[in-house]
1. Suppose we filter ALA32, ALA37, ALA62, ALA23 for residues that are modelled with pLDDT of 80 or more, open to solvent by less than 50 Å² (accessible area, probe 1.4 Å) and out of contact with any helix residue (DSSP H, G or I) (no Cβ under 9 Å at 6 or more places or on another chain); which single one remains?
2. Any residue at all in the stretch 42-56 that's on the phi > 0 side of the Ramachandran plot and either open to solvent by 90 Å² or more (accessible area, probe 1.4 Å) or modelled with pLDDT of 80 or more (or both)?
3. Is it true that ARG100 is touching a residue at least 12 places away in the same chain (Cβ under 8 Å), open to solvent by 60 Å² or more (accessible area, probe 1.4 Å) and not β-branched (Val, Ile, Thr)?
4. Can you report the number of residues in the stretch 70-97 which are modelled with pLDDT under 80, under 30 Å from ARG130 (Cα atoms) and open to solvent by less than 50 Å² (accessible area, probe 1.4 Å)?
5. Scan (1) hydrophobic (A, V, I, L, M, F, W, C); (2) assigned to a strand (DSSP E or B); (3) surrounded by fewer than 17 Cβ atoms within 10 Å (Cβ to Cβ) for the single condition ALA131 breaks and write down its number.
Amino acid sequence: MPSVQPLSPAAPARPRPLRAALALAGVTFVLATCWGAYRVWNGEPYPEVDPNAVGTRLRAEAERVQDDIGLPVPADVLPRRVETGACYYRGLRSVAHIDRGRSDVRSFILDWQTTDVPKDTARTAQERVRARLSQQGWKPIGQDFSDMGFGYEHQSTGDRVDVGWYEPTGTLAVSIHAPCGKVPDGYHE
């Protein structure tokens, strides 16, 4: 009678290094594709901001600009509160939401103007503002926003100061604004 040999259990299959590497590469590719598609659709996210801190920062800069200008400005001309503006979707999502501002992202602005300012007085006042902003590291971003005007941007905050003068009425206009930022849930102006 032939002898029957017992079957030995098969050794457990070892994962092959190539298969493991391919599986890892596939998972990485899928995750990277999903992340890339998300970023293309939504665009770069807005930074989170504290509206009270932004308002305080803009008011402080408005006071410095007013001091630089050195003109008597009636109290009723100076803004009492920081206004907010609409900000829009970024990325391809902006095409799907054209002209629809986001409720969770706002820009902030503080502006005022005074009239009957002679050209030479306005130019001197603007030069004082320009000199201080340059000295503090603000970068010029443009000129000629008006008949005689300019803008500066703060490199770390993105805040802007625009000062313009309009010849027909002698209006000296100041605008200080912060870029769009994501506000906390439940924020109301």
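The values are calculated or read from the model by the stated rules, or taken from the named source; none is laboratory data. It should be emphasised that the depicted structure is a prediction, and the values quoted were computed from it without experimental measurement. All Cβ positions, even for glycine, are placed from backbone atoms using ideal geometry, and neighbour counts span all protein chains on display. In case anyone asks, the SASA skips ligands and DNA or RNA and just uses the protein heavy atoms, side chains included. Shrake-Rupley method; radii C 1.70, N 1.55, O 1.52, S 1.80 Å.
1. ALA62
2. yes
3. When the stated conditions are applied, ARG100 passes them.
4. So the count comes out to 4.
5. (2)
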